[in-house]
Amino acid sequence: MTRPAPAETIAVAISRCWRLNATNPRRGLPAGLRLVTAPVPLEPPDGWTAGQWGKLMSGNHGPWAAITDGDRAVSLAHCARLTDRAAEVGVETNEAHRGCGLAATAVNAWADQLAARDLILFYSADEDNIASHRVAQKCKATPLGHLIHITPAVTAD
């Protein structure tokens, strides 16, 4: 039998969740950057392994949109989750390129690619990730509420 461990070992994570629209206009990009939505030879964003990047580029994990600086992806929106009814965007921007609106442009380009599929599009971010909350605002996403994930530690008797 397992039973919950003492209360101090319970982890709680709170995220905000929004519904994305697929009809937002894209902002222009700073000089030297471009939007890419089809496989071309690119270096992955910081933190991606060659294997992860290869899987994404294969197209088997759904649409993606990258903002590139030369041959390097510096902001990326991709399917974090994809079902026949819904998709959730995962987005990341290299630290040196944050604060320029790139994430919102990538997310909107990702959503545009999924518009014809009649899916519900989601965006979520940790409660304390204010930069991601701003991305959702820039994408004119509709707030849905909060996700609460509770992970109690268990002990065996």
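The values are calculated or read from the model by the stated rules, or taken from the named source; none is laboratory data. Treat the numbers as computed from the prediction; the structure is a model and nothing was measured. Here the Cβ is made from the backbone with ideal geometry for all residues, glycine too, and neighbour counts use every protein chain on show.
In the condition set (1) modelled with pLDDT of 90 or more; (2) closer than 15 Å to residue 39 by Cα; (3) loosely packed, with under 13 Cβ neighbours inside 10 Å, residue 60 is compliant with all but (1). Within the option set 87, 131, being surrounded by 14 or more Cβ atoms within 10 Å (Cβ to Cβ) and either in a strand (DSSP E or B) or under 14 Å from the mean Cα position of the chain (by Cα) (or both) holds for one residue only, 87. Only one entry in 66, 22 is of a type in the set (A, V, I, L, M, F, W, C) and in a loop (DSSP other than H, G, I, E, B), namely 22.
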